[in-house]
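Asks: Below are the structure tokens for one structure; questions will follow.
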Amino acid sequence: MVRQYRYIKLDQKRHFCLQQNPFMLFWVLFFKKDTLRSANINGLKKWSIRWIKSKIREYYNFFKTISKFISILKFKYHLQNIDSFVELPFYGQICVLVNKGYKIFDLRRRIAIKVYRDDVDIPTITKELECLKNGSLFDFAPSIRKIKIEDRWYEEDYVSGSLDYSVIQRNSSDLLEKFFRDVYPCLERLLLYHPPTKEYTINYMNEIKSRLSSCNLLKEGLDTEQIDRIHDFIHSIDERLHYEGNIPFFLVLTHGDFCPANMLNTRRGLRVIDWESASLRSALFDFYSYFFYRSVHRFYPVPVNKVCSEIKAALPFIISKLEPTAFEIAESVKLYEKVYRWLYYIERVYMLIERKKYDTKLNIIEFILRYIEICNSYEKIYAENTEKTTC
């Protein structure tokens, strides 16, 4: 019989293993700076309002940590009953709820193990692992160590680092500097890894719409208004693409969720984690994912007009960098910028709808509707700016 380890839930993100000794628990809670903590405040101006708020939050979290430590000891030594826990077949100090299961972190062995839930079928697990293998091609991604599809788990390197402050940073100049210096090199290697695949917009859209209608996920647990809003958005973008004609564009390898929340600052530079959605998509998918994330962020949403100006500044930089090494992609992006943006909208919605089947961590429908709202706002601002430029 496989031994089961008990993890208790004390906050929204993390479960702590009861089988670890108190000294290990103390080290994890108080000293270990790992990927599971909030973004650091490096880069914020000292004594600014946001720096002061961050410091207050830091001290508040310290006292919360003391409370967690005491609570776990009470549960461990049966001084208090456990209300919420999960049993998993691997030991680690911490585990977190992730899409399709749990991820266990053994900080001493420097590994992370994802255990899939029983309701996730083997074909779905196999497909996700194929995506993960794409990520392990790069040195800025975790390497896969072991895969056991039949036992519903895999093991990869644990990446030790801190979330970059760009997760919450609202200063566009700082964000763009970070993007040009650290983020773009990773993006460029993704763009150039495979020879680009040529596709045509109408054919591609028809394929996506066919998948959407066959999976039927939009009808599960949704009211009519929500379904209509999503369908209306897809239809509106589809109409725009059809109006432009059957435009040729390029598919490249993409991360799938290329955003600051999946980027860690480490001693070896920037590392990108969570490659479960890596696949071929339109050439600017990861680019737009990075910038649009700032407005979709639940706790620190950035105004859409700022995102619009950031993209306007960053896109020419990308085109100029690609011209010597990937001239076809650069010219295509230059000619059909709006087409790539609209394709990104559809690809993102489709990806989120697919994720809805198994994700118990995120309110997918709420996220899709929020995302649609942001995209519509962006298009409105973009149209207004284009009109002013034309005038």
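The values are calculated or read from the model by the stated rules, or taken from the named source; none is laboratory data. As the structure is a prediction and not an experimental result, all values here were calculated from the model. Here Cβ is always computed from backbone atoms with ideal geometry, including for glycine, and neighbour counts include all displayed protein chains. All accessible areas refer to the heavy atoms of the entire protein, side chains included, with ligands and DNA or RNA removed. Shrake-Rupley method; radii C 1.70, N 1.55, O 1.52, S 1.80 Å.
Asks: Averaged per residue, what accessible area in Å² does the range 104-195 show with a 1.4 Å probe, protein chains only?
Replies: Value returned for the range 104-195: 45 Å² of accessible area per residue.
Asks: Relative to the present Cα-Cα distance, how much length would full extension add between Ser162 and Arg189 at 0.36 nm per residue of separation? Can you show the working numbers first?
Replies: Values: separation 27, 0.36 × 27 = 9.72 nm, distance 2.25 nm.
The span from Ser162 to Arg189 would gain 7.5 nm if fully extended.
Asks: For Asn246 and Arg267 in one chain, what is 0.36 nm times their gap in residues minus the Cα-Cα distance, to one decimal in nm?
Replies: Details: separation 21, 0.36 × 21 = 7.56 nm, distance 4.62 nm.
Contour length minus Cα-Cα distance gives 2.9 nm.
Asks: Taking every pair of Cα atoms in the chain, average 1/r, invert it to obtain the Kirkwood radius, and report Rg/Rh to two decimals. Mind dumping the intermediate values first?
Replies: On the way: Rg = 22.1 Å, Rh = 22.7 Å.
Rounded to two decimals, Rg/Rh equals 0.97.
Asks: Note down the accessible area of Asp83, probe 1.4 Å, to the nearest 10 Å².
Replies: 150
Asks: Might you tell me the accessible area per residue for the range 291-358, computed with a 1.4 Å probe and given in Å²? Present the calculation step by step, with values, prior to reporting the outcome.
Replies: Numbers: 2790 Å² over 68 residues.
I get 41 Å² per residue for the range 291-358.
Asks: Let me ask you something else. Using a cut-off of 15 Å between alpha-carbon atoms, which aspartates and glutamates can reach Lys64, once sequence neighbours fewer than 8 places away in the same chain are excluded?
Replies: Result set, ordered by chain and number: Asp11.
Asks: For Lys357, give me every one of the aspartates and glutamates with a C-alpha distance below 13 angstrom, ignoring sequence neighbours fewer than eight places off in its own chain.
Replies: Within the straight-line cut-off, Lys357 pairs with Asp119, Asp121, Glu220.
Asks: Ignoring ligands, DNA and RNA, what percent of the 1.4 Å accessible area of the range 71-131 is carbon and sulfur? Please report the intermediate quantities before stating the final value.
Replies: On the way: 1550 of 3000 Å².
Ligands and nucleic acids excluded, carbon and sulfur reach 52 percent.
Asks: Another question, if that's okay. Probe radius 1.4 Å, ligands and nucleic acids ignored: give me the carbon and sulfur share of the accessible area of the range 281-388 as a rounded percent.
Replies: Values: 2430 of 4510 Å².
Carbon-and-sulfur percentage of accessible area, whole number: 54.
Asks: Could you put Glu379, Glu373, Glu188 in order of accessible surface area, largest first, with the 1.4 Å probe and the full protein assembly present?
Replies: Working: Glu379 20, Glu373 95, Glu188 45 Å².
Ranking Glu379, Glu373, Glu188 by accessible area, largest first, yields Glu373, Glu188, Glu379.
Asks: For the range 96-207, go through all pairs of different Cα atoms, get the mean of 1/r, take its inverse, and jot down that Kirkwood value in Å. Write down the numbers at each step before the final one.
Replies: Working: mean 1/r = 0.0587 Å⁻¹.
For the range 96-207, inverting the mean 1/r across all distinct Cα pairs yields 17.0 Å.
Asks: For helix 364-390, report the angle its Cα long axis makes with the longest principal axis of the Cα atoms of the chain; keep it between 0 and 90° and round to the nearest 10°.
Replies: On a 0 to 90 degree scale, this one is about 40.
Asks: Oh, and also: If you build the convex hull over the alpha carbons only and average its shadow over all orientations, what do you get for the range 214-306? Give it in nm² to one decimal.
Replies: So the mean shadow area of the Cα hull is 9.3 nm².
Asks: Follow-up question, since we're still on this one. List the relative contact order of the chain as a percent without decimals, with contacts defined as Cα pairs under 8 Å and 6+ residues apart. Can you show the working numbers first?
Replies: Numbers: 512 pairs, mean separation 61.7, N = 391.
With pairs under 8 Å counted, the relative contact order is 16 percent.
Asks: Moving on. Would you please give the FRET efficiency between Lys13 and Arg370, computed as 1/(1 + (r/R0)^6) with r the Cβ-Cβ distance and R0 = 22 Å, to the nearest 0.05?
Replies: 0.65
Asks: List the pairs from Lys312/Lys388; Lys133/Lys361; Lys198/Lys334; Lys100/Lys146; Lys103/Lys133; Lys100/Lys361 whose alpha-carbon separation is above 20 Å, in the order I gave them.
Replies: On the way: Lys312/Lys388 15 Å; Lys133/Lys361 23 Å; Lys198/Lys334 16 Å; Lys100/Lys146 18 Å; Lys103/Lys133 17 Å; Lys100/Lys361 9 Å.
Too far apart for the 20 Å limit: Lys133/Lys361.
Asks: To continue, here is another question. I'd like the carbon and sulfur percentage of the solvent accessible area for the range 173-254, probe radius 1.4 Å, heavy atoms only, ligands and nucleic acids excluded. Mind showing how you got there, number by number?
Replies: Numbers: 2120 of 4370 Å².
For the range 173-254, the apolar C and S fraction of the accessible surface comes to 48 percent.
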